[in-house]
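Here the structure is laid out as structure tokens; the discussion comes afterwards.
Since every read-out is calculated from the coordinates, none of them should be taken as a lab result. None of these values were measured; they are calculated from a predicted model. We place every Cβ from the backbone using ideal geometry, glycine too, and count neighbours over all the protein chains shown.
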Amino acid sequence: MRDDSIQTGGVETGGAPLRSRQSARADSALARLSRDVTGALLHDLAVPTGHSPLVQRRRAGLIVSRVRWVAAVFAILTPLWIGVDLTIFPEPLAWWLAGLRVMASAAFAAVALGFRNTESMRTANLALGALLAVPTVFFLISDPLVSGYEITGYAQALAAGYAFLPFVMVAGLSVFPITASEGAIFSAPLILATIGIVLGDFELLPFRTYLGALWLLGLIAVVATLAGMSQLHFMMQLVNQASHDALTQVYTRRVGEELLDSQFSTAARSGVPLALAFLDLDNFKMVNDRYGHEEGDNTLRKATEQIRKVVRRGDIVIRWGGEEFLVVMPGTDGPGARVAIERLRAEGLGTRPDGARQTASIGVAERLSDNTTDWGDLVERADQRMYVAKKGGRDRVVTIGDEMFQ
């Protein structure tokens, strides 16, 4: 009895720490999940409106590239089935289907050749819509054609394949980095086309089979969209890792120059303002010399956290070098930029290791007001004004027209 008691006690005392460790690991995993799955991330995976300009450009290029490849493959494969149609279907149906396949192949080829690599999401969505439109139209024409003939045997089994064409195209959405709303929009025409075939009494399969097929088609659309969202999430993570400064989590200078070029070109084409603020943290070298680089890094983190907290979601923060930062404000004129900078100064840029308030010398420039010809000129104008602010005593702003305020 004593041995059993000791053994039982040993099992209990050994199992409790094990369960505790398992529980701790589960709690840790849930905590990491809650940190990773933020409201902003869910919003970006649901709708495309909040994506950064860099993510939009990378995503557009990837979508168009895959659209062209898929279209090229289907342009080759679609006419290869003509021989099967001519073998199993009676004339004139076989020739109608053959002609339809030739036209579909030409349409796929036009999609493959008609779209070039782009950084515009509008063009990318148009390309994906065009790709899906070809099989949708093919289905709406071929299904009624085939249903109008009495077909038996192996031909009937092969003819049923026309009824499942929407399944293939909806499943194909999984290869594109799309949001939940885009998945719903792009799969809806194919689902509606299937419903239209049923309502028009053109079905190749029994009515009950179509009802089950519609449910399955919706399920495939959900799974394909989730796969596309997973691709989008992975792509966003890669873009963020490659484009953001590891210390401050703002854009690197290399990526910042690319974004500046894009934003300036967009503003110039649209005739809208584009403001830029050049910030240099005051006396930052003193922090590194007196307290060490670790405290200097902490000061930089706190300053950038404050900047990111104040700027709008569509604004771009770039670490230009060392303790220098750019804040790019699309669609913002001179007075609007001054309001934004005053708000930033009111919030502050954090504190230094000794508890003192961290300040910055700031120069502001705006594309239209300064009549700049390119983004480099805009940055140079803001940089010059930042140096005027620094020479004027630091902790001040020099804005358009060389107006200085503290």
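Derived scalar couplings between HN and Hα for the range 351-366 equal 10, 8, x, 8, x, 6, 6, 7, 10, 8, 9, 10, x, 10, 9, 9 Hz in order, rounded to whole Hz, by the Karplus curve 6.51 cos²θ - 1.76 cosθ + 1.60 (θ = phi - 60°), x for Gly and Pro.
Here the extension length gained between ASP374 and VAL223 equals 49.8 nm, from 0.36 nm per residue of separation less the Cα-Cα distance. Approximating the spin labels as points 7 Å out from Cα along Cα→Cβ, the PHE234-to-PHE167 distance works out to 2.5 nm.
For the range 272-331, state which trypsin sites (Lys or Arg not before Pro) are in a DSSP loop and have at most 14 other beta carbons lying within 10 Å of their beta carbon.
Details: sites: LYS285, ARG290, ARG301, LYS302, ARG308, LYS309, ARG312, ARG313, ARG319; in loops: ARG312, ARG313.
The qualifying sites are ARG312, ARG313.
Subtracting the Cα-Cα distance of THR38 and VAL73 from 0.36 nm times their residue separation leaves 8.8 nm of extension gain. A simple count of charges around VAL311, restricted to other residues whose Cβ falls under 11 Å of its Cβ and scoring Lys, Arg +1 and Asp, Glu -1, yields +3. For the range 253-405, the alpha-carbon radius of gyration amounts to 1.00 times the rule-of-thumb value 2.2 N^0.38 Å expected for a compact globular protein.
The order of LEU214, LEU165, going from fewest to most other C-beta atoms within 10 Å of their C-beta, is LEU214, LEU165. Cβ-to-Cβ counts within 10 Å put HIS51, HIS233 in ascending order as HIS233, HIS51, the fewest first. Extension gain, ARG301-ASP289: 0.36 nm per intervening residue step, less the Cα-Cα distance, totals 2.6 nm.
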